[in-house]
Amino acid sequence: SMGGVVALEIALCHTQRIRGLILINTFSALRPGSLSEVVYFLKRGLRAYIASPAKQAELVAQRIFPNPIHAEWREMLVQTIRESDPNVYRQAMVALARFNANDKLSKINIPTMVITGDEDSTIPPKVQGRMAKKIPGSVQYLVHGANHGVIVDHYQEVNQLLIDFLERIYPS
């Protein structure tokens with residue numbers, strides 16, 4: 001999702017250099033839409049700022065990989081967050097919270113694919129759907145049974161979507 005924010009910014013600033021855009025479980029503005037989302041982001045922010053990013057790593061990992069079969073992926077994510085520079089991590093969180101491209105999405109005039117895990121509780125499908133509707137001609141694909149870690153837990157389906165999209169924008 002963070003990579004999608006970067007991709008959106010690049011697409012908005014350098015449209016002439018980009019032939020296509022793929023956004024996976026990302027957002028154009030991180031605005032909690034329910035009380036449970038507000039609580040989650042508050043917990044995450046408090047743990048990251050009062051304690052350290054490492055203290056909120058398990059919270060994030062559990063949200064991204066909630067299924068028991070993904071324990072190994074959870075641990076890898078926790079370790080990655082623990083190894084990150086706490087100041088850089090906090091700055092990234094602030095930048096993501098401030099990011100808002102909602103009013104600019106209609107300026108994206110390149111083929112765009114939005115891939116959404118239909119069970120994503122970090123960036124809910126409705127948020128991604130609203131973003132996709134604001135990008136002219138974009139197509140949203142829902143990956144059934146997928147959470148925020150869709151690129152890991154449904155990699156075969158995601159990879160096929162990526163291949164199909166790239167073949168459309170880069171025909172042989």
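The values are calculated or read from the model by the stated rules, or taken from the named source; none is laboratory data. Just so you know, these numbers come straight off a predicted model, no measurement behind them. All Cβ positions, even for glycine, are placed from backbone atoms using ideal geometry, and neighbour counts span all protein chains on display. Note: areas computed on protein heavy atoms with side chains; ligands, DNA, RNA excluded. Shrake-Rupley method; radii C 1.70, N 1.55, O 1.52, S 1.80 Å.
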Sole miss for Ala7 among (1) open to solvent by 80 Å² or more (accessible area, probe 1.4 Å); (2) at pLDDT 90 or above is condition (1)
Cβ pairs under 6 Å, 6+ apart or interchain, first in the stretch 75-96 and open to solvent by 50 Å² or more (accessible area, probe 1.4 Å), second in a helix (DSSP H, G or I), ordered by first then second residue, are Arg82/Ala54; Arg82/Ala57; Pro86/Pro53
The residue from Val114, Val152, Val127 that alone is closer than 23 Å to Met76 by Cα and either surrounded by 14 or more Cβ atoms within 10 Å (Cβ to Cβ) or in contact with a His (Cβ under 8 Å, 6 or more places away or on another chain) (or both) is Val152
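Give me the residue from the stretch 130-149 that is of a type in the set (Val, Ile, Thr) and either more than 17 Å from the chain's Cα centre (by Cα) or buried (at least 18 other Cβ atoms within 10 Å of the Cβ) (or both) and, out of that set, farthest from Trp73 (Cα to Cα).
Quick first cut of the stretch 130-149, residues of a type in the set (Val, Ile, Thr) only: 135, 139, 143.
Then keep just the ones that are either more than 17 Å from the chain's Cα centre (by Cα) or buried (at least 18 other Cβ atoms within 10 Å of the Cβ) (or both); that gives 135, 143.
Working: Ile135: 32, Val143: 19 Å.
Checking each candidate, the answer is Ile135.
Here's the yes/no breakdown for (1) of a type in the set (S, T, N, Q); (2) in contact with a strand residue (DSSP E or B) (Cβ under 6 Å, 6 or more places away or on another chain); (3) modelled with pLDDT of 95 or more; (4) under 30 Å from Ala54 (Cα atoms):
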{"position": "Ala95", "(1), (2), (3), (4)": "no, no, no, yes"}
{"position": "Asn102", "(1), (2), (3), (4)": "yes, yes, yes, no"}
{"position": "Thr116", "(1), (2), (3), (4)": "yes, yes, yes, yes"}
{"position": "Ser172", "(1), (2), (3), (4)": "yes, no, no, no"}
